[in-house]
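Chemist: Below is a structure I'd like to ask you about.
The values are calculated or read from the model by the stated rules, or taken from the named source; none is laboratory data. Please read these numbers as outputs of a predicted model, since none were measured by experiment. Neighbour counts run over all protein chains shown; Cβ positions are idealised from the backbone, glycine included.
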Amino acid sequence: MSNFAVIFDMDGVIIDSNNAHRGAIREFLANHGLEIEEESLIRNVFGRTNADWIPFVFGRELAEEELTDYAFEKEAIFRKIFEEEEAFVEGVAEFVYHLKRNEVPIAIGTSAPMDNVAFTLQKLNLENAFDVIVDDAQITFSKPNPEVFIKCAQELGFPTEKCIIFEDSMSGIEAAKRSGAKVIGVTTTHSAYELRECDMTIEDFKDLNMTILKELF
């Protein structure tokens, strides 16, 4: 058993889904006569739960049933768009198997709903690969609050200081840093310079291995 654990965000880390989410959000908003500036999309939407960003774009509190319906609508649009793209971050499946062979406990900590997680893992044939999955329904606070990563670490049985978190969004990286974990930034959403507060940055997973991960501790 490894003396450290690994936690993955999903969107922008396992799947390069930003374009699909961007398209889905814009289509969803257009359906309701709304639009959003790119800067606000990156700052206030990416990396956050539907329960957090949907009321923000509508500019008001939403009843639970209304929020659920809106979230379902947006995610259905996303899955339809992503089905046509299937843009996975290069080397991620092989890297997950590499961690499994080396007995590293692994988790997903995501702001996405479980339907999207299941959809993604099925596409990658990784349905049974992860020891723990914490999705948006299991957390109270959205990133940059570190709750999702702290919960992953607890369920894996590791202190956050003995975890490595892969993230791509600014809110996710802030959450990961606040948790006390080591943070590897994936440059699908932001440049390496923008992610310079991370312990290291990568473009993809194809050259990553246990030797490199151990050097973080």
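Chemist: Is one or more of the residues making up the range 42-50 aliphatic (A, V, I, L, M), under 24 Å from residue 188 (Cβ atoms) and surrounded by 19 or more Cβ atoms within 10 Å (Cβ to Cβ)?
Modeler: Checking the range 42-50: at least one residue is aliphatic (A, V, I, L, M), under 24 Å from residue 188 (Cβ atoms) and surrounded by 19 or more Cβ atoms within 10 Å (Cβ to Cβ).
Chemist: Now, a different point. Checking the structure you have, find out if any residue of the range 17-27 is among the hydroxyl-bearing types (Ser, Thr, Tyr) and either farther than 21 Å from residue 107 by Cβ or touching a strand residue (DSSP E or B) at 6+ places or on another chain (Cβ under 7 Å) (or both).
Modeler: yes
Chemist: Given the condition under 25 Å from residue 170 (Cβ atoms), of a type in the set (Gly, Ala, Ser), in contact with a Gly (Cβ under 8 Å, 6 or more places away or on another chain) and outside the structural domain of residue 142 (by TED's automatic domain parsing), answer yes or no: does some residue in the range 51-73 qualify?
Modeler: no
Chemist: Then there's this: Which one of 24, 20, 76, 30 is closer than 28 Å to residue 164 by Cα, in a helix (DSSP H, G or I) and not β-branched (Val, Ile, Thr)?
Modeler: 20
Chemist: With respect to the numbered conditions (1) hydrophobic (A, V, I, L, M, F, W, C); (2) surrounded by fewer than 20 Cβ atoms within 10 Å (Cβ to Cβ); (3) within 26 Å of residue 178 (Cα to Cα); (4) within 14 Å of the chain's Cα centre (by Cα), which one is the sole condition not fulfilled by residue 141?
Modeler: Single failed check for residue 141: (4).
Chemist: Sticking with this one: State which residue is farthest from residue 22 (Cα to Cα) when the search covers only the range 81-98 and only residues that are in contact (Cβ under 8 Å) with a residue 40 or more places away in the chain and surrounded by fewer than 16 Cβ atoms within 10 Å (Cβ to Cβ).
Modeler: 94
Chemist: Is it true that residue 151 is basic (Lys, Arg) and closer than 16 Å to residue 17 by Cα?
Modeler: no
Chemist: Considering (1) assigned to a helix (DSSP H, G or I); (2) under 23 Å from residue 138 (Cα atoms), say which one residue 46 fails and leave the rest.
Modeler: If we test residue 46 against (1) assigned to a helix (DSSP H, G or I); (2) under 23 Å from residue 138 (Cα atoms), just (1) comes out false.
Chemist: Scan the range 163-182 for residues that are among the aliphatic types (A, V, I, L, M) and under 11 Å from residue 46 (Cβ atoms) and jot them down.
Modeler: Within the range 163-182, just 170 meets the criteria.
Chemist: Please go through the range 13-41 and pick out each residue that is surrounded by 15 or more Cβ atoms within 10 Å (Cβ to Cβ) and among the charged types (D, E, K, R).
Modeler: 16, 22, 26, 27
A quick yes/no check of all residues on (1) at pLDDT 95 or above; (2) of a type in the set (Asp, Glu):
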| residue | (1), (2) |
| --- | --- |
| 82 | no, no |
| 86 | no, yes |
| 92 | yes, no |
| 107 | yes, no |
| 113 | no, no |
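Chemist: Right, next: Let me spell it out: the conditions are (1) of a type outside the set (Val, Ile, Thr); (2) surrounded by fewer than 21 Cβ atoms within 10 Å (Cβ to Cβ); (3) in a helix (DSSP H, G or I), and residue 60 meets all of them except one. Which number is the exception?
Modeler: Just one mismatch for residue 60, condition (3).
Chemist: Taking the range 158-177, which residues are more than 24 Å from residue 211 (Cβ to Cβ) and surrounded by fewer than 17 Cβ atoms within 10 Å (Cβ to Cβ)?
Modeler: Of everything in the range 158-177, nothing turns out to be more than 24 Å from residue 211 (Cβ to Cβ) and surrounded by fewer than 17 Cβ atoms within 10 Å (Cβ to Cβ).
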